[in-house]
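The values are calculated or read from the model by the stated rules, or taken from the named source; none is laboratory data. Everything quoted here is computed from the prediction, not taken from an experiment. Cβ placement follows ideal geometry from the backbone for every residue including glycine, while neighbour counts extend to all protein chains displayed. Ligands, DNA and RNA are excluded from the accessible area calculation, which covers all protein heavy atoms including side chains. Shrake-Rupley method; radii C 1.70, N 1.55, O 1.52, S 1.80 Å.
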Amino acid sequence: MNIVIPKSSLENILTNLQPFLEKKDASQITSHVYFKAEGSELTFQATDYEIGLLAKTESVQIQKEGIATVNGKKILDIVRRLKEGEITLQSQEEYLHIKQEKSSFKLPMFNAEEFPSFPSYEELPKIEINSMHLVQSMKKILPAIDNNNPKFELNGALLDIKEYSFNFVATDTRRLAVIKYENPSINKLALIVPKKAIVEIQKLFFEEVELHYSETHLILKSKNYLFFTKLISGKYPDYERIIPKETTHNMTLPKEKIIEAIKLINSLSNDIKVTFTKEEILFESLSEENSEAKTQVEVETGIAKELTLGINSKYLLDYLGQIDTSEFKIGINESNTPFILKSENFSTVIMPIVM
C-alpha cells in the first residue's frame, strides 16, 4: 500500500476511530486501525468487538493498492504533530512508513488479513423510523442510562417499537426518561443499545442514516460511515408501569427561572428541598453540614395546599438541559411518590428523596 493523504483528512478520521480501539492491550490487533486502499477510495476500520466503525474517504491519492494495520493511538499522536499538508503512508514488509517532507516514522504492523470482519447488513431488515429522531432522542435520554449496573440491560437504552409509536427509554432506577414518537409500524421490536454506543452515535451522525438490525447487532450506515454495536441481551423493565397515569397536582413552570434557582442552591448541596405554595416555589439546600442556601421563584402554581419534595438536583438539571421549550409541566401526587416532568414528547419520572 502506498498513498498520499492530506493531514486534516487523516487526523479527523483517526480521531473518530479512537473510541473503537482496544486501549489496554497493544498486542491485540484490535488496538490497530485497518487501512484498505482500493480504486479511488481509502477505507479505515476500528473495533473492540463490542462496537466498530468503518470510515471512508476519496480525499486520497492511491499510488499502490493494498491493506495494512497500525497502532491507532500511535499513528494519531504522530499525525497530530506533523504540519498541515500531505502525508505519505507506505507499507513495506512488516512496517508502515509515515513520511512528510524531511520527517519519517516507522511503526510495526500486524497481519491485516487477520483483522476482525464487520457484520454484513445488506440482507438484514431495516428499522423504518426517522434516524434523526433516533440520534436526537439518544442524546436526551443519555444522562438517565445507568453505569455498571449488575442488571446489564440497565446499562443501555431501550428502543421500543410498537404498533402505532416508538419509544426511547432509559433508567438508572432513580429516574426514568421516555421520548415517544407517533409512528405506525409493521413490526414490533425491542432493542437495548449499550451506553457506549449511544455516546458515539450522537458524535458521528448528523444526517439521515439507514438502520439495520439482527438479534445481536444494530448497524447504522451513512454516506461515509458504517457503525455497528452489539446489543445487550435481556428483558428491559416494564417502564410503562412506572409512569403515573394521573397526577393530583399539575403545574406549568418557567424553565430558565427554575434552572437558575436550582444552580444557586446546589452550590452547597445536590439534594434540595422544594416547597410549592400557591404563588411561589421555595428552594432550600438539604445539607448535612452547618450551611444553608435558600431562594424562591414567584410563580402561580395554582395549588391550594403547600407541597414539599426532596429532589436530587442533578436529575432536574439533566432533564431541563435537554428540553427545547421555555416552559415545562410537572405532575405530583404525594411528597414521597414519583413525580413526572413533561415537555412535548419528552418526559422523566423521578423518585423523590425521603425527608
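Pairs Lys56/Lys102; Lys64/Lys99; Lys195/Lys221: which exceed 25 Å Cα-Cα?
Beyond 25 Å between Cα atoms: Lys56/Lys102.
Run the numbers for Glu289 and Ser185: contour at 0.36 nm per residue of separation, minus the present Cα-Cα distance, in nm. Spell out each step's value before the answer.
Details: separation 104, 0.36 × 104 = 37.44 nm, distance 5.38 nm.
Taking Glu289 through Ser185 to full extension adds about 32.1 nm, to one decimal.
Rounded to the nearest 10 Å², what accessible area does Met355 show when all protein chains are kept and the probe is 1.4 Å?
Accessible surface of Met355 is approximately 120 Å².
Rounded to the nearest 0.05, what FRET efficiency is calculated for Ser117 and Lys245 with R0 set to 45 Å and r the Cβ-Cβ distance? Intermediate results must be reported in sequence, preceding the final value.
Numbers: r = 48 Å, r/R0 = 1.07.
Calculated transfer efficiency: 0.40.
So for the pair Lys139, His97, with labels modelled 7 Å out along Cα→Cβ, what separation do we get in nm?
Output for this residue pair reads 4.5 nm.
Per residue, how much accessible area does the chain show when a 1.4 Å probe rolls over the protein heavy atoms, in square angstrom? Present the calculation step by step, with values, prior to reporting the outcome.
Values: 18510 Å² over 355 residues.
Spelled out: the 1.4 Å probe surface of the chain, per residue, equals 52 Å².
May I ask you to evaluate 6.51 cos²θ - 1.76 cosθ + 1.60, the Karplus curve with θ = phi - 60°, for each residue of the range 84-101 and list the ³J(HN,Hα) values in order in whole Hz, giving x for glycine and proline?
Calculated HN-Hα couplings, in order: 5, x, 8, 10, 9, 10, 9, 8, 8, 6, 9, 9, 9, 9, 10, 10, 8, 6 Hz.
For the range 121-197, which whole percent of the accessible surface, found with a 1.4 angstrom probe, sits on carbon and sulfur atoms? If you can, show how the numbers build up before the last one.
Numbers: 1950 of 3820 Å².
Here it works out to 51 percent.
How would you order 26-37, 88-99 from highest to lowest mean count of nearby Cβ atoms within 10 Å? Walk me through the numbers on the way to the answer.
Numbers: 26-37: 19.7, 88-99: 16.0.
Peptide ranking by packing, descending: 26-37, 88-99.
With every protein chain in place, what's the accessible area of Asp271 (1.4 Å probe, Å², nearest 10)?
60 Å²
Taking the Cα centre as origin and putting +1 on Lys and Arg beta-carbons and -1 on Asp and Glu beta-carbons, what dipole magnitude results for the chain, to the nearest 20 debye?
Details: 42 positive and 51 negative charges, 99 e Å.
Using only the charged Cβ atoms, the result is roughly 480 debye.
Quick check: Cα centre of the range 107-167 to Cα centre of the range 19-98, how many Å?
When both Cα centres are located, 24 Å separates them.
Can you check what the net charge comes to around Met1, using other residues whose Cβ is under 14 Å from the Cβ of Met1 (Lys, Arg +1; Asp, Glu -1)?
Numbers: positive: Lys36, Lys64, Lys99; negative: Glu38, Glu41, Glu65, Glu93, Glu94, Glu113.
That works out to -3.
Using a 7 Å offset from Cα along Cα-Cβ at Ser222, what residues in the range 36-56 end up with backbone N under 13 Å from the label point?
54-56
Of Ser347, Asn270, Leu253, whose Cα points farthest to the positive end of the dipole of the range 203-355 (charges on the beta-carbon: +1 Lys, Arg; -1 Asp, Glu; origin at the Cα centre)?
Ser347
How high is the FRET efficiency from Asn130 to Asp324, r the C-beta distance, R0 25 Å, rounded to 0.05?
It comes out at approximately 0.95.
Going through the cross-link list Lys223/Lys342; Lys151/Lys278; Lys23/Lys257; Lys139/Lys257; Lys126/Lys263, which pairs have a Cα-Cα distance over 32 Å in this structure? Could the numbers behind the result be given before it?
On the way: Lys223/Lys342 35 Å; Lys151/Lys278 42 Å; Lys23/Lys257 44 Å; Lys139/Lys257 23 Å; Lys126/Lys263 43 Å.
Check vs 32 Å cut-off fails for Lys223/Lys342; Lys151/Lys278; Lys23/Lys257; Lys126/Lys263.
Got a number for carbon plus sulfur as a percent of the range 1-61's accessible area, 1.4 Å probe?
On the way: 990 of 2360 Å².
The C+S portion of the solvent-accessible surface of the range 1-61 is 42 percent.
As a check on your grasp of the helix formula, calculate [θ] at 222 nm for the chain: sum -39500 (n - 2.57) over DSSP H runs of n ≥ 4, divide by the residue count, round to the nearest 500.
Working: 6 runs with 61 residues, N = 355.
So the helix-based figure for the chain works out to -5000 deg cm²/dmol.
Which of these values of volume of the Cα convex hull per residue in Å³ was calculated from the structure shown: (i) 175; (ii) 197; (iii) 122?
Among (i) 175; (ii) 197; (iii) 122, the one calculated here is (i).
Shape call for the range 81-123 from the C-alpha gyration tensor, a ≥ b ≥ c root eigenvalues: rounded (a/c under 1.5), prolate (a/b greater than b/c) or oblate? Don't skip to the end; give the middle numbers.
Working: a/c = 4.03, a/b = 1.86, b/c = 2.17.
Judged from the Cα gyration tensor, the range 81-123 comes out oblate (a/c at least 1.5, b/c at or above a/b).
Based on the Cβ-Cβ distance from Glu163 to Glu300, what FRET efficiency comes out when R0 is 25 Å, to the nearest 0.05?
On the way: r = 40 Å, r/R0 = 1.60.
Calculated value: 0.05.
Quick one: Karplus J couplings for the range 235-246, per residue in order, coefficients 6.51, -1.76, 1.60, θ = phi - 60°, nearest Hz, x for Gly and Pro?
The phi angles translate into 10, 6, x, 6, 5, 5, 5, 7, 6, x, 6, 9 Hz.
Under a 5 Å amide H to amide H cut-off, with H placed in plane at 1.01 Å, what residues pair with Phe328 once short-range neighbours are removed?
For Phe328, the qualifying residues are Leu253, Lys255.
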